[in-house]
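Enquirer: One structure is given below, represented as structure tokens, and several questions about it will come after.
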Amino acid sequence: MIRSEMKLVHWTSQSSRLLVIVMLLLLSTNSQRVDAADSIDAAIEAIRQVGTEGKGFEKALPAAEVLQDLPSEKLSMVLDGADGVNPIAENWFRGIVFGIAQQSGTPELKSLQDYVLDQQNNAIGRGIAMELITRENSSMGTTMLADLLNDPSLAIREMAVEQSIEKAAALADSKQEDSVAVYRETLKAARHPKQLSRIVESLGKLGETVTTADAFSLILNWKSIAPFDNEGGVGFEATYGPEQQFAKAGMVDLEQQHEGKNGAVSWQAVEGSDDEGLVDLADTYNKEKGAVAYLFAEFESSDDRAVQARLGCINANKVWVNGKEVMATEVYHSGSMLDQYVAPCDLRKGKNTILLKICQNEQEESWAQRWEFQFRLTDPTGKGLQSGQ
């Protein structure tokens with residue numbers, strides 16, 4: 001269960017990647033070397049254990065120095081070590097791999113190419129190897145990425161999508177039909193919200209009607225009941241009637257009234273906007289402040305599957321799927337974006353139920369009037385799912 005903001009981490013800025021490398025090299029030069037008896041495997045494991053708030057840094061610094069002394073023929077061992085690591089450890093591995101390449105001269109690009117093209121290798125290691133190839137030989141990288149638009153590695157897919165966006169943009173003035181075709185092909189492959197939004201915007205400029213709601217497979221049709229009391233923030237932890245029902249049975253009674261903040265309240269239909277899939281609760285409930293709204297939807301799945309719940313919301317929120325709480329974030333008016341919060345969950349074959357709890361506080365400033373959300377379900381790569389698929 002998530003109780004803090006989670007965001008997908010993608011590295012699209014070359015300067016950001018180089019900054020990580022420089023910082024890691026500076027840190028490692030001031031560290032104390034591990035004993036010579038320590039194995040490469042032990043050093044890799046020390047990097048794998050790096051976490052937030054400096055966790056594991058003391059052991060990782062000398063381990064990084066040992067690994068950076070490896071010859072380029074050993075790059076695959078380091079790349080293998082990145083399998084399944086957290087984003088912080090991934091940046092350490094990235095810095096080490098680039099450090100090895102810098103110290104040992106031009107790496108063997110054919111070996112790196114083979115590593116990238118073998119999808120049995122881990123996705124993170126393959127992504128780092130692809131980054132290194134594009135740095136060492138941009139022409140080779142361009143050729144490879146042209147065939148990797150639907151790669152299972154999100155990092156590689158993102159690089160390939162970026163290259164395809166640039167190709168489509170270059171065609172926009174002279175060959176508009178070709179540009180549209182490339183954008184539409186890229187739209188199917190894109191997973192990162194910012195890239196998806198850019199493609200939708202670019203298609204719009206070319207006269208093509210593609211909405212954010214459609215591109216992201218946002219859920220537009222909901223049943224809502226509100227307002228319940230959230231004065232003084234009491235509503236976030238309070239378990240009002242709909243929440244009690246859903247936690248117990250994974251379902252709500254849409255015909256039942258509940259005692260709300262100002263008296264009895266009933267379920268009603270609400271819809272997200274056609275363009276951005278945004279459900280505006282402030283408009284629905286006359287800008288009520290200090291209030292809680294519950295939103296309910298059903299989702300048909302063709303199979304049992306692991307998925308991700310993805311919420312964009314500027315208000316405090318909780319999310320349940322099939323009666324199980326999968327996300328909870330008590331933050332108000334700190335900003336909002338598509339896929340702002342991400343949590344894994346499971347769908348079962350057939351009907352699935354979703355309950356959202358969206359809490360508005362009592363701030364009166366103009367920037368604190370928004371009470372709204374966007375929600376979707378995706379596969380583990382970020383591909384939006386439609387009910388019935």
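Enquirer: If you put +1 on each Lys and Arg Cβ and -1 on each Asp and Glu Cβ, how big is the dipole of segment 309-376 around its Cα centre, in Debye rounded to 20? Before the final figure, lay out the partial values.
Expert: On the way: 9 positive and 8 negative charges, 128 e Å.
Roughly 620 debye for segment 309-376.
Enquirer: Taking R0 as 51 Å, what FRET efficiency do you get between Q244 and K188 from their Cβ-Cβ distance, rounded to the nearest 0.05? If you can, show how the numbers build up before the last one.
Expert: Numbers: r = 42 Å, r/R0 = 0.81.
Rounded to the nearest 0.05, the efficiency is 0.75.
Enquirer: Stokes-Einstein D for segment 221-378 at 10 °C, 1.306 mPa s, Kirkwood Rh over Cα pairs, in µm²/s?
Expert: On the way: Rh = 15.6 Å.
Reported coefficient: 102 µm²/s.
Enquirer: If you filter segment 200-291 for GluC sites (Glu not before Pro), then keep DSSP loop positions with at most 12 other Cβ within 10 Å, what is left? Each step should come with its number before you reach the end.
Expert: Values: sites: E201, E208, E231, E237, E243, E255, E259, E271, E276, E288; in loops: E208, E237, E255, E276, E288.
Passing sites in segment 200-291 are E237, E255.
Enquirer: Assuming 0.36 nm per residue, please report the length gained on full extension of the stretch E271 to N86 beyond their Cα-Cα distance. If you can, show how the numbers build up before the last one.
Expert: On the way: separation 185, 0.36 × 185 = 66.60 nm, distance 3.66 nm.
Working it through step by step, the gained length comes to 62.9 nm.
Enquirer: Something else about it: Suppose every Lys and Arg Cβ carries +1 and every Asp and Glu Cβ carries -1, with no other charges. What dipole size does segment 156-210 come out with about its Cα centre, to the nearest 20 debye? List each step's numbers first, then the result.
Expert: Numbers: 9 positive and 9 negative charges, 44 e Å.
The calculation lands at about 220 debye.
Enquirer: Moving on. Could you list, bin by bin from short to long, the percent of Cα-Cα pairs of segment 156-210 in 10 Å steps?
Expert: Histogram of Cα-Cα distances, whole percents per bin: 28, 60, 12.
Enquirer: Which value in deg cm²/dmol, rounded to the nearest 500, describes the helix-derived mean residue ellipticity at 222 nm for the chain, given -39,500 (n - 2.57) per DSSP H run of n ≥ 4 and division by the residue count?
Expert: On the way: 14 runs with 156 residues, N = 389.
That calculation yields -12000 deg cm²/dmol at 222 nm.
Enquirer: Can you tell me the Rg and the Dmax, both Å, for the Cα atoms in the chain?
Expert: 24.1, 73
Enquirer: In addition: Exposure proxy check: I219, I88 ranked by fewest other beta carbons within 10 Å?
Expert: Values: I219 24, I88 17.
With the sparsest Cβ surroundings first, the list reads I88, I219.
Enquirer: Can you spot the aspartates and glutamates whose alpha carbon is less than 15 Å from K318's alpha carbon? Ignore those fewer than 8 places along the same chain.
Expert: Excluding near neighbours in sequence, the set is E5, E237, E243, E330, D339, E372.
Enquirer: Using a basic spin-label model with each label point 7 Å from the Cα along Cα→Cβ, how many nm lie between K167 and E255?
Expert: 5.6 nm
Enquirer: Continuing with this model, one more query. Given a Förster distance of 25 angstrom, what is the FRET efficiency for I40 paired with T106, based on the Cβ-Cβ distance and rounded to 0.05? Before the final figure, lay out each step's value.
Expert: Numbers: r = 22 Å, r/R0 = 0.88.
The calculated FRET efficiency here is 0.70.
Enquirer: Calculate the radius of gyration of the Cα atoms of segment 151-275 to one decimal place, then report Dmax, the largest Cα-Cα distance, as a whole number, both in Å.
Expert: Considering segment 151-275 through its Cα atoms, Rg and Dmax are 21.9, 62 Å.
Enquirer: Holding the Cα-Cα limit at 22 Å, pick out from K223/K357; K167/K205; K324/K357; K167/K194; K188/K357; K194/K383 the pairs that are longer than that.
Expert: K188/K357
Enquirer: Along the positive direction of the dipole of the chain (beta-carbon charges: Lys, Arg +1; Asp, Glu -1; about the Cα centre), which of S224, T329, A129 reaches farthest?
Expert: The one lying farthest along the dipole's positive direction is A129.
FYI, it's all coordinate maths here, none of it is from the lab. What you see is a predicted model, and the numbers here were worked out from it, not measured in a lab. Reconstructed Cβ throughout: ideal geometry from the backbone, glycine too, with neighbour counts over all protein chains shown.
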